[in-house]
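Notes for the one structure printed next.
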Amino acid sequence: MSYKGDIVRLYTIRKFITDIETIINNHETVIKAVENMEGQYALMLCIAQIGELLNKITTPELKADLPVKDAVAFRNVIVHNYEHINIKFTVRTLKESIPELKTKISSLIKDYEEKQIKS
């Protein structure tokens, strides 16, 4: 796949992060969201999709800036071993890793958009 295809994936990941934020806001807190069956399932689907999309990024420069290995590992736990998901790890991921990922992706998208304006 191409660099532009990877950028499209970053936009899609950012959308899933926005969805995660919406789900958490609808439940008031991360803890309440993961304690609610529907909230937990929705959050897990978003996290799994983020891992799937990160795994498809092929541009070495983008992969180097992103937590591909960790995201794919968590995606695999969600998809293949759901009953053994560690809720404390999930909460930490939602509180720390997802906001960090949003910052990184937003920066990469901004760099891409600035290059497009200059060219």
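Based on what the data block shows, is R9 among the basic types (K, R), surrounded by 19 or more Cβ atoms within 10 Å (Cβ to Cβ), in a helix (DSSP H, G or I) and at pLDDT 95 or above? So R9 fits the description; yes.
Of all the numbered requirements in (1) touching a residue at least 24 places away in the same chain (Cβ under 8 Å); (2) of a type in the set (F, W, Y); (3) farther than 19 Å from I109 by Cβ, F16 misses one, and that requirement is (3). Taken together, A42, A33, A64, A71 contain a single residue that is closer than 17 Å to Y3 by Cβ and among the small types (G, A, S), which is A64.
Restricting segment 63-85 to residues that are β-branched (V, I, T) and over 23 Å from I31 (Cβ atoms) leaves a set whose member that is surrounded by the fewest Cβ atoms within 10 Å (Cβ to Cβ) is V79.
Taking I24, is it farther than 27 Å from D111 by Cβ, touching a residue at least 60 places away in the same chain (Cβ under 8 Å) and not in a loop (DSSP other than H, G, I, E, B)? Write out each step before concluding.
Working: farther than 27 Å from D111 by Cβ: yes; touching a residue at least 60 places away in the same chain (Cβ under 8 Å): yes; not in a loop (DSSP other than H, G, I, E, B): yes.
Answer is yes for this residue.
In segment 104-116, of all residues being over 19 Å from Q49 (Cβ atoms) and not acidic (D, E), the one that is surrounded by the most Cβ atoms within 10 Å (Cβ to Cβ) corresponds to Y112.
At least 2 residues being in contact (Cβ under 8 Å) with a residue 12 or more places away in the chain and more than 15 Å from K15 (Cα to Cα) is the threshold, and among the helices (runs of 4 or more DSSP H) wholly inside segment 33-119 those reaching it are 37-55, 60-65, 68-80, 87-92.
Across segment 21-62, the number of residues qualifying as surrounded by 20 or more Cβ atoms within 10 Å (Cβ to Cβ) and over 14 Å from R75 (Cβ atoms) comes to 6.
The values are calculated or read from the model by the stated rules, or taken from the named source; none is laboratory data. Keep in mind that this is a model prediction, so the values were computed, not measured. Note that we place each Cβ from the backbone using ideal geometry, even for glycine, and neighbour counts take in every protein chain shown.
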